[in-house]
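Reviewing the structure listed below.
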Amino acid sequence: MSDSPWWRDAVIYQVYIRSFADADGDGIGDIAGIRERLPYLAALGVDALWINPWYASPQADAGYDVADYRAIEPAYGTVADAEKLIVDAHEHGLRLVPDIVPNHTSDQHVWFRAALADEPGARARYVFRPGSGPDGAEPPNNWRSHFGGPAWTRVADGSWYLHLFDPGQPDLNWANPEVAAEFEAVLRFWFDRGVDGFRIDVAHGLVKDPALPDLTDPRDQLGRSYPAGGHPYVDREGVEEIYEAWRRVADSYPGERMFVAEAWTPAPERLARYVAPGRLHTAFNFDYLVAPWDPAALREAIDVTTGHLRAAGAPATWVLSNHDVVRHPSRYGRPTTEREEVPTSTVARDGATDLVLGTRRARAALLLEAALPGGMYVYQGEELGLPEVEDIPDDARQDPTWQRSGFTVRGRDGARVPLPWSATAGTSAGFSPPGATAPWLPQPAGWTDYAADRQEGDPDSVLELYRAALRRRRAHPALGDGDMAWVSAPGDAVLHLRREPGFACVVNLGLEPVDLPAHDEVLLASVPLEGGRLGPDAAVWLAVS
Ligand code: NOJ
């Protein structure tokens, strides 16, 4: 691997804290659970951990509704526990990147309580407006919440507040300098405690058109039907100034602190604005995530996004799954090559998933992803080959989408089921200690088949494939940051790329086995080769001269 700054080619493991490991037996993951599993994470070969929001929160949206940015959710631990985790992670060679949620607070945040009490200046930190229609009884405009229903809720005195997500997540007014000052102070609070960076939630959404005009198409929440920067709340001009100020804060600390933006932009070239010099370090490459398992689509996503990000001087990032989308072994096992337009609220189509096929493709996808230049993300459990859980009982669902959509959209719980650590020890497949309360989301039958301790040492397991790939990626001088070149032609069913010195990755997305190109050695294969040939939906890493 190269010796460029760590964030240019890091493997960052996403810890969805609620579902990672429960040390105290209440059925909810916690900071102590993460600390216990640091040796596992170090052995997996990742470089850093992104931790989903760990702040004090009523959990209206699984912690993305923050009541206090300087306190830890009591079910997860304390600020002292977080400090211990930062120290322990660093001792294991792992950096720590928590989430920050600047678009909205919880409705239980002290600022919003003050706004409800109409204290002087308090409402100006949020987006309050009179209603429309007779007696102002209708919302101020036609904006919709991402979780369903209007994006406005009326308060006791008759005015309305904006929430692009749950009513428990009022949007902040970033035109108010108090808001910017507060978030810079929060960044410093955690940088002072040693965190290595932040994942920025809804990074594209902080700046709103002050006129709050109706949407021409209320379903267009990604801005695709608007000219660049013309949507009233997606990807507007002005976000870059916020991030330039944040970059100055990060750069005032030693040790290469970094930001990664969750920015859903209408077109990939708009992403480059977030990572231009003096702004954020990296941004998630969702174009790659939403690409179907199809050679032309994958190649295009790789070329287009890499091109735009590299032109801005930023490394690409590669991500296949996270807590908002259907896990990729299930996506790749569906009989479709459609692009998922709004992957944040995708729902698996019951009964239509071929998991044997999807898992085979997911193994190949890992070798492709880990061979590409830039950084990559691993969503917890993907190293165990976990599929989407498609049969969570409806009365156990926790995602606000289910209720807000009038019980029509099942939402994202299927990607958030607590991890299976052990086939034999503990409670809930080893997620909790013996005798613990049931986990906050039920695990399906057969979950222990995926348990980490069942896979450990089995050379055919997904876990051992991840370990081998990440170990090789770290050790090989051609991998990580740098350049790549296609050997295969556009339109080929085989993707064949080269990196120097002496490395090739070949992925067969066709229907028939193919011969391997000339090589010195097979370094790693996603499945055994078939008589020296690469079967369909399989990938191989080669040493080449
Ligand atoms: C994106 C997060 O990943 C998602 O889980 C959350 O619901 C929204 N932002 C709102 O914070």
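Under the classification rounded if a/c is under 1.5, otherwise prolate if a/b is larger than b/c and oblate if not, where does the chain fall, given a ≥ b ≥ c as square roots of the Cα gyration tensor eigenvalues?
Judged from the Cα gyration tensor, the chain comes out prolate (a/c at least 1.5, a/b above b/c).
With a point put 7 Å past each Cα toward its Cβ, work out how far residue 110 is from residue 355 in nm, to one decimal.
Simple spin-label model gives 4.7 nm for this pair.
Fully extended, how many nm does the chain gain between residue 193 and residue 40 (0.36 nm per residue separation, minus their Cα-Cα distance)?
Between residue 193 and residue 40, full extension yields 52.7 nm more.
Find, among the chymotrypsin sites (Phe, Trp or Tyr not before Pro) in the stretch 374-480, those assigned to loop by DSSP (not H, G, I, E, B) with at most 14 other beta-carbon atoms within 10 angstrom.
Listed in order of number, the matching sites are 407.
Quick check: from the Cα gyration tensor, does the stretch 364-425 come out rounded (a/c under 1.5), prolate or oblate?
Taking the square roots of the gyration eigenvalues as a ≥ b ≥ c, the stretch 364-425 is oblate.
How about the stretch 142-226: which trypsin sites (Lys or Arg not before Pro) there lie in a loop by DSSP and see at most 10 other Cβ atoms within 10 Å?
Listed in order of number, the matching sites are 219.
Between 419, 281, 203, whose Cα lies farthest towards the positive end of the dipole of the chain when Lys and Arg beta carbons carry +1 and Asp and Glu beta carbons carry -1, centred on the Cα centre?
281
How far apart, in nm, are the 7 Å Cα→Cβ label points at residue 304 and residue 181?
Here the answer is 4.3 nm between the modelled labels.
To check my understanding: the extent here is largest minus smallest coordinate of the Cα atoms along each principal axis. What are those three numbers for the stretch 110-162, in Å, largest first?
28, 27, 15
How high is the FRET efficiency from residue 248 to residue 294, r the C-beta distance, R0 41 Å, rounded to 0.05? All intermediate terms of the calculation are to be shown ahead of the outcome.
Working: r = 42 Å, r/R0 = 1.02.
Taking R0 as 41 Å, the efficiency between residue 248 and residue 294 is 0.45.
Using label points projected 7 Å from each Cα along Cα→Cβ, tell me how many nm separate residue 84 and residue 460, to one decimal.
The modelled label-to-label distance comes out at 4.2 nm.
Between the stretch 11-81 and the stretch 97-139, how far is it from one alpha carbon centroid to the other, in angstrom?
If we compute the Cα centre of each part, the gap is 27 Å.
Quick one: work out the % antiparallel among DSSP beta bridges in the stretch 7-130, nearest 5.
20
Calculated FRET efficiency, residue 154 and residue 26, Cβ-Cβ r, R0 45 Å, to nearest 0.05?
Given R0 = 45 Å and the Cβ-Cβ separation, E is 0.80.
Dipole magnitude of the stretch 110-162 about its Cα centre, charges +1 at Lys/Arg Cβ and -1 at Asp/Glu Cβ only, in debye to the nearest 20? Please report the intermediate quantities before stating the final value.
Details: 6 positive and 5 negative charges, 46 e Å.
With only Lys, Arg, Asp and Glu charged at Cβ, the dipole is about 220 debye.
Please give me the summed charge of the neighbours of residue 22: other residues whose Cβ is under 12 Å from its Cβ, Lys and Arg +1, Asp and Glu -1. Present the calculation step by step, with values, prior to reporting the outcome.
On the way: positive: 18, 37; negative: 24, 26, 30, 36.
Summing Lys/Arg as +1 and Asp/Glu as -1 gives -2.
Kindly work out what percent of the DSSP beta bridges joining two residues of the chain are antiparallel, to the nearest 5.
Details: 33 of 55 bridges.
Of the beta bridges lying entirely in the chain, close to 60 percent run antiparallel.
Pull up all non-local amide H partners of residue 207: gap of 5 or more, or a different chain, and H-to-H distance under 5 Å with H placed in the peptide plane.
Here the answer is 236, since their amide H atoms fall under 5 Å of that of residue 207.
Throughout, read-outs are computed from the coordinates displayed, never taken from laboratory work. As the structure is a computational prediction, the values presented were derived from the model and not from experiment. For neighbour counting, all protein chains shown are included, and Cβ atoms are generated from backbone atoms with ideal geometry for every residue, glycine included.
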